[in-house]
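Report on the structure given below.
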Amino acid sequence: MDDDLEHALVSVGPRLRALRRQRETTLADLAAATGISVSTLSRLESGARRPTLELLLPLARAHGVTLDELVDAPPTGDPRIHLRPVARYGMTMLPLTRRAGGIQAYKLVIPAGSVRRTPEPKTHEGYEWLYVLNGRLRMVLGEQDLMLSPGEAAEFDTRLPHWFGAADDQAVEFLSLFGSQGERAHLRARPKAKQEPTRAGGRG
């Protein structure tokens, strides 16, 4: 049990860093939201500061996750996955994965009539893959201004300035796969089925 507790505490730092980067939040922004100093937040993420309940509670609230999710508590046998939507930058983000690090999956919704119409491109470490489910997504990527319709996908290095918004007054729903350290999704195609040899004409 002590080993499990120690492992959970050690893993909190990387999980906090991953959550903050996924939400494109700076240490200064998080400090303002939680009342925890930037230096303490930095030491928590690096593992130099041991997490305490007094520190974890406001961080869980700021990130929109439960305390169990923040410390990666072992499952209790309940098969249900309790996903908590998070509102950020005029969008609603619904996490579809629970582990920190590696590829993270999200469903994002930009509501109808969103005020998120003026591009404000940002950059950060990572690699992202998008797939539009409903609505029309406007994506500003570097010097490109693109429109994506349902069924269309895009992938890009997030170090390139980027921004998403609705292309019109309708709501937009899309999926996002994001690797905070630049991981790319590995797509696998099924091998082509062997073609049956064609017969050379019928019987004469």
Surface accessible to a 1.4 Å probe, F178 within the full protein complex, Å²: 10 Å²
Amide hydrogen neighbours beyond the local backbone of L96, cut-off 5 Å, H modeled: A105, Y106, K107
Listed residues L133, L19 arranged by accessible area, highest first, probe 1.4 Å: L133, L19
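Count neighbours as other Cβ atoms within 10 Å of each site's Cβ, and list the GluC sites (Glu not before Pro) in segment 17-71 that are DSSP loop with at most 14 such neighbours.
Those that pass, being in a loop and sparsely packed, are E24.
How far, in nm, would the chain grow between V140 and A28 when pulled straight, counting 0.36 nm per residue and subtracting the alpha carbon separation?
On the way: separation 112, 0.36 × 112 = 40.32 nm, distance 2.58 nm.
Between V140 and A28, full extension yields 37.7 nm more.
The values are calculated or read from the model by the stated rules, or taken from the named source; none is laboratory data. Only a predicted model underlies this, so the values are computations on that prediction, with no experimental measurement involved. Note that each Cβ is placed from the backbone with ideal geometry, even for glycine, and that neighbours are counted across all protein chains shown. Note: areas computed on protein heavy atoms with side chains; ligands, DNA, RNA excluded. Shrake-Rupley method; radii C 1.70, N 1.55, O 1.52, S 1.80 Å.
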